[in-house]
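Structure record follows, encoded as structure tokens.
What follows is calculated from the coordinates using simple rules that are stated; it is not laboratory data. Please read all numbers here as calculations on a predicted model, not as lab measurements. In this analysis, Cβ positions are derived from the backbone assuming ideal geometry, glycine residues included, and neighbour counts consider all displayed protein chains.
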Amino acid sequence: QYRQLPLYRRRTKNVLLQLTLGLVVQWTYTTLFGAYVSHVFLRTGSLCGVILVHVFCNYMGLPNVSFAHPSSDLYGYRWFVTMVYLIGIVGFGMGFSSVGLLFPRESLIPALLLRGTL
């Protein structure tokens, strides 16, 4: 029985590492999503927009990076898929900018509060 102890310790260590990595990924994703929907709400003043963003993100889920594994059918296109992901990340970052490409330049909340509609 004592001979199996190192195997048990190694397996437990791997499980703890996987759980910790999963926790860090989920925490990071949730934090970024919360920042994004807060930004959407502050810029648009629309709860409907926040709900639509939440539905869209729930539908899409986390990016699937299994294309990078050699057994994937998309393995030959991994550079193209990676570039598309990077373009999406840059576009997402541009949505946070104050340039006004995706959202109004200023928050609509003060105007809605003055009109009494919020």
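Annotations
- Our coupling estimate for the range 24-40, obtained by passing each phi through the Karplus curve with A = 6.51, B = -1.76, C = 1.60 and θ = phi - 60°, is 5, 5, 5, 5, 5, 4, 5, 5, 5, 5, x, 5, 5, 5, 5, 4, 4 Hz, Gly and Pro reported as x.
- Once the C-beta distance of F56 and V15 is scaled by a Förster radius of 30 Å, the resulting FRET efficiency is 0.35 to the nearest 0.05.
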